[in-house]
Amino acid sequence: MGEQNHSPGNELPHRRRAEIPGKKSWHSQAYALGAVSNFMSTFLTFPIYKVVFRQQIHAMAVSEAVRQLWHEGPQYFYRGIYPPLLSKTLQGTLLFGTYDSLLCSLSPVGPHTLGHRWAAGLMSGVVEAVALSPFERVQNVLQDGRKQARFPSTFSILKEFNSYGLWGRLSLGYYRGFWPVLARNSLGSALYFSFKDPIQDGLAEQGLPYWVPALVSGSVNGTITCLVLYPLIVLVANMQSHIGWQNMPSLWASAQDVWNTRGRKLLLIYRGGSLVIVRSSVTWGLTTAIHDFLQRKSRSRKELKTD
């Protein structure tokens, strides 16, 4: 990151040139760096996520969740990390790559409007939900402390899911809680991509260092999106923690159960939200900044070759 700061006059035209169809280039390095940034962010923030998950399941305070994890022992602290590491690595490629392809299909001659970005983001979130929901399902079962004795490993969970019939594997196994996952991912991606570039462009006009607009844009988008969709996050965690035919309430029954167990108070639904904000801010800020940095490097190398 040793590049010189860009002036506002050069920054925005450079970004807009990259959005012109036929000019925009996505190299394999962009997918690779997106995967690496998601991998690193997930590993570093996983302890925060695990505390948040316990709050979502048991409606307990941060101190209680930390005490519970500490009592279980350090050998279980990173239990359940492999599914999110794999899913987030795939997410880094799917989210940005699918969005770019869809955006160019929707608006091949440019410029890309808010409607185009919203639609492409929404559809990329659908693809993400279909591809990654099984990973999140396994992760949420692994992180539920009540299931450690029955399901000590990922293999034991997969064995349970595969013992069902074909429809059971989907509806009760890998895709349990899929509809709230679909709503959360599609709306979240639409919000993120709709406002990422406008926020970044507005900050770039202030003459800030080149890496600041992307970092702040990602952090702000991650925070706002998480706050808006947090009730869905809680619902998904509760639905996906269930195992077995006898513990499978409907979507509406699950939503009512979460609402009732939280004392019918929105404040209790948002318990754990402060840690989610921190994690989302760090994760999306880092991912957006690294992705933007790689795009700049790729464009610079391409321009050097064509000169």
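Among the numbered conditions (1) open to solvent by less than 20 Å² (accessible area, probe 1.4 Å); (2) at pLDDT 90 or above; (3) among the hydrophobic types (A, V, I, L, M, F, W, C), the only one that Leu114 does not meet is (1).
The residue that is nearest to Leu94 (Cα to Cα), among those in region 24-47 that are open to solvent by less than 60 Å² (accessible area, probe 1.4 Å) and modelled with pLDDT of 75 or more, is Ala35.
Inspection of region 276-293 identifies at least one residue that is at pLDDT 80 or above, of a type in the set (D, E, K, R) and surrounded by 13 or more Cβ atoms within 10 Å (Cβ to Cβ). Tell me, which residue of region 78-102 that is in a helix (DSSP H, G or I) and free of Cβ contacts under 8 Å to residues at least 40 places away in the same chain is surrounded by the fewest Cβ atoms within 10 Å (Cβ to Cβ)? Within region 78-102, the match that is surrounded by the fewest Cβ atoms within 10 Å (Cβ to Cβ) is Ser101. Could you look through region 163-174, keep only residues that are open to solvent by less than 70 Å² (accessible area, probe 1.4 Å) and part of a helix (DSSP H, G or I), and pick out the one that is nearest to Ala129 (Cα to Cα)? Only one residue tops the list, namely Tyr174. Every listed requirement among (1) open to solvent by 60 Å² or more (accessible area, probe 1.4 Å); (2) closer than 22 Å to Ala204 by Cβ is met by Arg296 save one, (1).
Out of all the residues in region 59-77, which are closer than 22 Å to Phe151 by Cβ and open to solvent by 60 Å² or more (accessible area, probe 1.4 Å)? Within region 59-77, Trp70, His71, Pro74, Gln75, Tyr76, Phe77 meet the criteria. Filtered by the rule that a residue be open to solvent by 30 Å² or more (accessible area, probe 1.4 Å), under 22 Å from Ser186 (Cα atoms), without any contact (Cβ under 8 Å) to a residue 60 or more places away in the chain and over 14 Å from the mean Cα position of the chain (by Cα), region 229-273 gives Pro231, Ser250, Trp252, Ala255, Tyr270.
The values are calculated or read from the model by the stated rules, or taken from the named source; none is laboratory data. Treat the numbers as computed from the prediction; the structure is a model and nothing was measured. Positions of Cβ are backbone-derived with ideal geometry, glycine not excepted, and every protein chain shown enters the neighbour counts. Calculation scope for accessible area: heavy atoms of the full protein, side chains included, ligands and nucleic acids excluded. Shrake-Rupley method; radii C 1.70, N 1.55, O 1.52, S 1.80 Å.
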